[in-house]
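The values are calculated or read from the model by the stated rules, or taken from the named source; none is laboratory data. Worth saying up front: this structure is predicted, and the values here are computed from it rather than measured. Heads up, the Cβs are rebuilt from the backbone with ideal geometry, glycines too, and the neighbour counts pull from every protein chain shown. Protein only, heavy atoms only, side chains kept; ligands, DNA and RNA dropped before computing areas. Shrake-Rupley method; radii C 1.70, N 1.55, O 1.52, S 1.80 Å.
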There are 4 protein chains.
Amino acid sequence: MKNIVIIGATGYAGQQLVSILLKHKHIRISMIISNSHVGKLFSDVIGKFRGATDLRCSSLDDLYKKINDIDLVFLALPHGKSNKIINKLIQINKKIKIIDLGADFRLEKNSDFLKWYNFTHENTNLIKKFKYCIPELHRDRLRNSNYIANPGCYPTSILLAIAPVISNKNILIDKVICNSLSGVSGSGRNPSYSNSFCEINGSAKAYSIGEHRHLSEIDQQLKIMSKNIKTIQFTPHLIPINRGIISTITITLKNELDIDSNLKELFREFYSDDSFIKISQNEPSLNEVCNTNNCILYPYYDKRTNNIVIISIIDNLIKGAAGQAVQNMNILMNYKENTGLKFPVIFP
Amino acid sequence: MKNIVIIGATGYAGQQLVSILLKHKHIRISMIISNSHVGKLFSDVIGKFRGATDLRCSSLDDLYKKINDIDLVFLALPHGKSNKIINKLIQINKKIKIIDLGADFRLEKNSDFLKWYNFTHENTNLIKKFKYCIPELHRDRLRNSNYIANPGCYPTSILLAIAPVISNKNILIDKVICNSLSGVSGSGRNPSYSNSFCEINGSAKAYSIGEHRHLSEIDQQLKIMSKNIKTIQFTPHLIPINRGIISTITITLKNELDIDSNLKELFREFYSDDSFIKISQNEPSLNEVCNTNNCILYPYYDKRTNNIVIISIIDNLIKGAAGQAVQNMNILMNYKENTGLKFPVIFP
Amino acid sequence: MKNIVIIGATGYAGQQLVSILLKHKHIRISMIISNSHVGKLFSDVIGKFRGATDLRCSSLDDLYKKINDIDLVFLALPHGKSNKIINKLIQINKKIKIIDLGADFRLEKNSDFLKWYNFTHENTNLIKKFKYCIPELHRDRLRNSNYIANPGCYPTSILLAIAPVISNKNILIDKVICNSLSGVSGSGRNPSYSNSFCEINGSAKAYSIGEHRHLSEIDQQLKIMSKNIKTIQFTPHLIPINRGIISTITITLKNELDIDSNLKELFREFYSDDSFIKISQNEPSLNEVCNTNNCILYPYYDKRTNNIVIISIIDNLIKGAAGQAVQNMNILMNYKENTGLKFPVIFP
Amino acid sequence: MKNIVIIGATGYAGQQLVSILLKHKHIRISMIISNSHVGKLFSDVIGKFRGATDLRCSSLDDLYKKINDIDLVFLALPHGKSNKIINKLIQINKKIKIIDLGADFRLEKNSDFLKWYNFTHENTNLIKKFKYCIPELHRDRLRNSNYIANPGCYPTSILLAIAPVISNKNILIDKVICNSLSGVSGSGRNPSYSNSFCEINGSAKAYSIGEHRHLSEIDQQLKIMSKNIKTIQFTPHLIPINRGIISTITITLKNELDIDSNLKELFREFYSDDSFIKISQNEPSLNEVCNTNNCILYPYYDKRTNNIVIISIIDNLIKGAAGQAVQNMNILMNYKENTGLKFPVIFP
């Protein structure tokens, strides 16, 4: 049994992480860190956990004292908050493993953090030590690494959809246009007009067109995958559901595809070893992935327009955050990759 | 490993049952019976189960042939459908155990089935062999019995709330008024105007006032519990959520309660051995029980009115149907009562 | 054309009031007062009004300067806020008419304001000048009065349902139990955990059992209507819809009703002159009253229990707030009572 | 007062049409035709209309007898149903005006009806007489015409967004990708799994990728507007709201736009005479157009990608169906174009 700690467990991604880890057979949650609820039962802060855990919230100082007994720390904090904490953690315990669910180590250049997130790292060396990892695409990056930058929810849904197309050199990509729909939990748990019930219910909206922060990590990863794709058009939308993301990716092509080219087959082969990726025969409904760590992909080649359209759906809190973090932990720890990630079917 | 069979797995209660049983460590689902989908993969009929099971739907005839290898059969069928099938099952296999999630064996008198459900049993002997069982209230009934009539969702939420009050002889009950709110899955999966999205979303309604079928089983069980309560006023409402029931029970009293009487303490003691019943300090939100087998009770004594008000919340598909059925199975099979019923926390 | 002013137009009731008054043929909105948005276009503060009005928000000081040109002032403010403003308004303009949509003048005794709302009036004389008025029940109170305390949403739905029963001396009421379901706009527009989308969507909850503030005005009005009803049991619930209230009122009886007694007929006669009150033949759906000033009542006598059950539905922002305020204004101003209150049918 | 008739008033678009026309000062609804409800009060069929109208449903035969007293007929029927009825109507009354809200006259070629809708017209002459008309784009087509093919909801939202861009010859369009989100009323009122509450609530899905029927009319109108755009990529999605459409249109460009080019200004000028089209400064929320006849457009030029992104939102039942039909009627009848189309503001 390994000892893990969660910093920032009261947000939606953090709660999901606690939920998954409480059932994970190889690990034990040693501490839940929440500076604003120190001493309280976690299940009193988040009522849903009554009966599931009797852990109490601890402070960061409590953690620093016991850090040498800890094997791995998850952080699920707003951007700009985790980098200082991590600096301190790894100074005390050189062997500790870190998985950051926030954005603080997703980019490569300090200047990009300034541009997109309006903060800079003091310790730029640390940035390089973190590996950005969607397991199905980047498992190999984790060899000899202890630090993981867990990807954002939109990028996960989008990169998983584009990767098989890029992998086929016969498909000459022209432009990539991505429209994504996200549930409201994606905007966090803090109350505001923009997530209050009456403003959301019965409505929907596009937001942050052309300037959403997740563009930075999408662009960076696309450049690694292909020299030909510089950037994408990314338009996120908020829709009135609690959880889930649908990304609809349209790829315009420079060449016509052979009428025989079987796009679904390409996708199936690309992900043949990945149990969490499902290639669907029909347009899938979002509720097919909710409360799972799966990503369902539906690729479609439109002869009429010579475009490829791919539907990619994930649960933003699981495959888009806490589930993927646990999947990454499983790799770091040499557990079976789906350990703790096969949930009971929930519907409706 | 015991072999079980589910008849009627494509409805919402049936799906929930499959979901729970797929994770139950002591049993194996041997067959899923659906006459309208014979031969199809269950996961093609209900897409959400893709990756979770590769069982195919079988016919009733298939079941009759293999019934001697089966230990227990669950039925989740519309009322009037299960009694004939059960007659046949138990003729072939005398030792088989049966749990009927439908209404066909919940009442004691054949005339009541005619009055409330508009059908009659041919084999009236069989009615007596079935035990109506909410485990927390009726475990003892299951000794030496193989056949269980699994209670309805509304009655479960209501009877669990009233039982502790009845148990205290110092509380003289006058009248009981129950208002319940139910999610839409309670009305079944067949499409109709009354469960279509645009008619439900943004609306709510009371229905079947004074004549809801569940009144029959509530009345019958109340009579067994107390000579003083003849009937209740029961007004169910449909609200725009997928799953869950809130029952708000007001009990008017003939005597004033001692100012010191601690209602919450009475409830806590009454359910001190029952891990699925939680007594809440505050009015609970329905989402605290969704996707659990719990019943959360919030009892409140109102000095101003001399009434007791009890809030009782359950997940209609779990504690109100499939979860309770598995809990009953665990008792029949001598497993630990909560086996397979501790689910991961899901929120939001 | 009369000149009216609205103080507190950015809340949901205030917005609804602006919406109705912009279409009212006899009045003109002269000013919209919002101290936090002085100088801004109202349609920039509340985007939905773009194209509907080019009024700008003014300050209270602006109003005091022009108060002599104003015929009537509506206030839609949190409790405790309107009484001081009103004191000042009526000192400057003795003839001005006032309709307060808040709670500050709904009760008769200063001590009740302290008990239920935790504030006291300095000018207790003023309390007596305000008339609490649900038009269908209290029109006569408005003769020679210029000041109206507009009733709360829950009390409107409940009192309209009980009044016909009280009016029939052959019905001997024992106890009254009321369960109400309210949309989220009833809890106001300020963001909080308790009205954030993910906490509300898919959930529901009872709250303020036995101590909701609206109990004070319900009790007070019931005492005026009947010496026999001292109080009611009132349990409000929040459900995931934007607008609307369902009140389910159970009245236990001391005598059995004649089997011939036609409850619906009693209700129809009682409200025969009231075009906004509809007596339904069936249990109505809440969406039948949304976006109308109607109250639909469904009375039901249950022979089995000897109880009366009444379903009462209103739109909380219209008949429960702004619509009723305009109805009251129409009476004060001697306009036809339904002027400006016949809206287009909206569904779904 | 002109006499109009509505055929097919019980669907959602039909109900909306009745709602609008009941308040239109220049017309009178003479008959509501519904063969399946002949003789019934319309307000008994659609309860929401209680108190709003006491019209009864008539049969088509009733209409044929009185057709010479009728000035204009609206049809809101499933595709393939209106063309025969119209043939008969115009044979009897040569002067009658017709507005078809269905698809039966939206295309130019009989072969296209066969290809996209699987039916053919017997009277091909009639096809030519019908004018496809989004008033803001095609008013001129209505001169000397009596027959209008009212556009589909998706095409209305999309064509209004693209037209200003096409109008500017300095913008060289490469490809057009459109993702649309629609409320559930768009899929009609007939109950089915795909519009039942539990399947929709908490979910969302893309559907009919590359083959949605509305593509046919979009393509046809685009060809008329520009020789350069052959087709678009159109991916519609269903989201869990009752009404409204968001279309997100990405236009890739062949040339870079001048950094000074003011896209919003272009849109404002293009629609300077059109009161229903609003150019927004920010990304608009769908609820800003719900229950209005407006289309809100938010054009955005993304320097990073050299793409134009346009958000276009409408109420699918009003600007996307019944409201636009009345707007078209106003033009045919020489009424002011916004007569009967300025609704009270409704929010939330």
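Which numbered condition in (1) open to solvent by less than 10 Å² (accessible area, probe 1.4 Å); (2) closer than 21 Å to D:D273 by Cα; (3) more than 15 Å from the chain's Cα centre (by Cα) is the only one that D:S167 fails?
Tallying (1) open to solvent by less than 10 Å² (accessible area, probe 1.4 Å); (2) closer than 21 Å to D:D273 by Cα; (3) more than 15 Å from the chain's Cα centre (by Cα), D:S167 fails exactly one: (1).
Among (1) open to solvent by 20 Å² or more (accessible area, probe 1.4 Å); (2) touching a residue at least 40 places away in the same chain (Cβ under 8 Å); (3) under 23 Å from D:N144 (Cα atoms), there is one condition D:N83 misses while meeting the rest; what is its number?
(1)
Report those strands (runs of 3 or more DSSP E) wholly inside the range B:206-321 carrying at least 3 residues which are closer than 28 Å to C:I241 by Cβ, in contact (Cβ under 8 Å) with a residue 40 or more places away in the chain and more than 8 Å from every other protein chain (Cβ to nearest Cβ).
Qualifying strands (runs of 3 or more DSSP E): B:233-238, B:245-253, B:295-302, B:307-314.
Can you confirm whether the range C:320-341 contains a residue that is at positive phi and open to solvent by 10 Å² or more (accessible area, probe 1.4 Å)?
Step one: filter the range C:320-341 for residues at positive phi, giving C:334, C:340.
Within this subset, residues satisfying the condition of being open to solvent by 10 Å² or more (accessible area, probe 1.4 Å) are C:334, C:340.
Checked the range C:320-341: at least one residue is at positive phi and open to solvent by 10 Å² or more (accessible area, probe 1.4 Å).
Could you say whether any residue in the range C:264-282 is out of contact with any Asp or Glu (no Cβ under 9 Å at 6 or more places or on another chain), open to solvent by less than 40 Å² (accessible area, probe 1.4 Å) and among the aromatic types (F, W, Y)?
There is at least one residue in the range C:264-282 that is out of contact with any Asp or Glu (no Cβ under 9 Å at 6 or more places or on another chain), open to solvent by less than 40 Å² (accessible area, probe 1.4 Å) and among the aromatic types (F, W, Y).
Given the residues D:S226, D:S247, D:S216, D:S196, which is the only one that is within 26 Å of B:S194 (Cβ to Cβ) and of a type outside the set (A, V, I, L, M, F, W, C)?
Details: D:S226 fails: within 26 Å of B:S194 (Cβ to Cβ); D:S247 fails: within 26 Å of B:S194 (Cβ to Cβ); D:S216 fails: within 26 Å of B:S194 (Cβ to Cβ).
Answer to the check: D:S196.
Note down all Cβ pairs under 9 Å where the first residue falls in the range B:45-61 and is within 14 Å of chain A (Cβ to nearest Cβ), the second is open to solvent by 30 Å² or more (accessible area, probe 1.4 Å) and among the basic types (K, R), and they're at least six residues apart or on different chains.
Sorted first by the residue in the range B:45-61, then by its partner, the pairs are B:R50/A:K278; B:G51/A:K278; B:G51/A:K342; B:A52/A:K342.
In the range C:113-135, what residues are out of contact with any strand residue (DSSP E or B) (no Cβ under 6 Å at 6 or more places or on another chain), closer than 25 Å to C:I318 by Cα and in contact (Cβ under 8 Å) with a residue 60 or more places away in the chain?
Passing the criteria: C:W116, C:Y117, C:I134, C:P135.
Which members of the range C:118-140 meet the condition of being crowded, with 18+ Cβ neighbours inside 10 Å and of a type in the set (F, W, Y)?
C:F130, C:Y132
Which residues, counting only those in the range A:86-96, are open to solvent by less than 60 Å² (accessible area, probe 1.4 Å) and either in contact with a Lys or Arg (Cβ under 8 Å, 6 or more places away or on another chain) or not in a helix (DSSP H, G or I) (or both)? Even if it seems obvious, please write down each step before you answer.
So in the range A:86-96, the residues open to solvent by less than 60 Å² (accessible area, probe 1.4 Å) come out as A:86-87, A:89-90, A:93, A:96.
Matches in the range A:86-96: A:N93, A:I96.
Looking only at strands (runs of 3 or more DSSP E) that lie completely in the range B:120-202, which have at least 2 residues being more than 14 Å from chain C (Cβ to nearest Cβ)?
Here the list reads B:130-132, B:147-149.
For D:G102, which of the numbered conditions (1) buried (at least 21 other Cβ atoms within 10 Å of the Cβ); (2) modelled with pLDDT of 95 or more; (3) in a helix (DSSP H, G or I) fails to hold?
Result: D:G102 fails condition (3) only.
Would you confirm whether any residue within the range A:213-224 is among the hydroxyl-bearing types (S, T, Y) and farther than 30 Å from C:I200 by Cβ? Quick ask: steps written out before the conclusion?
Of the residues in the range A:213-224, the ones among the hydroxyl-bearing types (S, T, Y) are A:216.
Then drop every residue that is not farther than 30 Å from C:I200 by Cβ, which leaves A:216.
Scanning the range A:213-224, I find at least one residue that is among the hydroxyl-bearing types (S, T, Y) and farther than 30 Å from C:I200 by Cβ, so the answer is yes.
Exactly one condition in (1) more than 22 Å from B:S280 (Cβ to Cβ); (2) open to solvent by less than 40 Å² (accessible area, probe 1.4 Å); (3) within 20 Å of the chain's Cα centre (by Cα) is not met by C:H212; state its number.
Checking C:H212 against (1) more than 22 Å from B:S280 (Cβ to Cβ); (2) open to solvent by less than 40 Å² (accessible area, probe 1.4 Å); (3) within 20 Å of the chain's Cα centre (by Cα), the one that fails is (1).
Which of the residues spanning the range A:170-201 are open to solvent by 30 Å² or more (accessible area, probe 1.4 Å), small (G, A, S) and without any contact (Cβ under 8 Å) to a residue 60 or more places away in the chain?
The answer is A:S187, A:S192, A:S194.
Residues checked against (1) open to solvent by 10 Å² or more (accessible area, probe 1.4 Å); (2) more than 25 Å from the chain's Cα centre (by Cα); (3) closer than 21 Å to D:A321 by Cβ:
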| site | (1), (2), (3) |
| --- | --- |
| D:K2 | yes, no, yes |
| D:I7 | no, no, yes |
| D:V18 | no, no, yes |
| D:H24 | no, no, yes |
| D:I29 | yes, no, yes |
| D:K48 | yes, no, yes |
| D:D61 | yes, yes, no |
| D:K66 | yes, yes, no |
| D:D69 | yes, yes, no |
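Can you tell me how many residues within the range C:322-348 are free of Cβ contacts under 8 Å to residues at least 60 places away in the same chain and either within 14 Å of chain B (Cβ to nearest Cβ) or under 11 Å from C:I20 (Cα atoms) (or both)?
Residues of the range C:322-348 free of Cβ contacts under 8 Å to residues at least 60 places away in the same chain: C:330, C:334, C:336, C:342-346.
Still in the list and also either within 14 Å of chain B (Cβ to nearest Cβ) or under 11 Å from C:I20 (Cα atoms) (or both): C:342-343, C:346.
Number satisfying all stated conditions: 3.
Could you check the range C:31-44 and list, in sequence order, the residues that are away from chain D (no Cβ under 11 Å) and either under 18 Å from C:A321 (Cβ atoms) or open to solvent by less than 60 Å² (accessible area, probe 1.4 Å) (or both)? Outline the logic, then answer.
Applying the first criterion (away from chain D (no Cβ under 11 Å)) to the range C:31-44 yields C:31-41.
Listed by number, the residues that qualify are C:M31, C:I32, C:I33, C:S34, C:H37, C:G39, C:L41.
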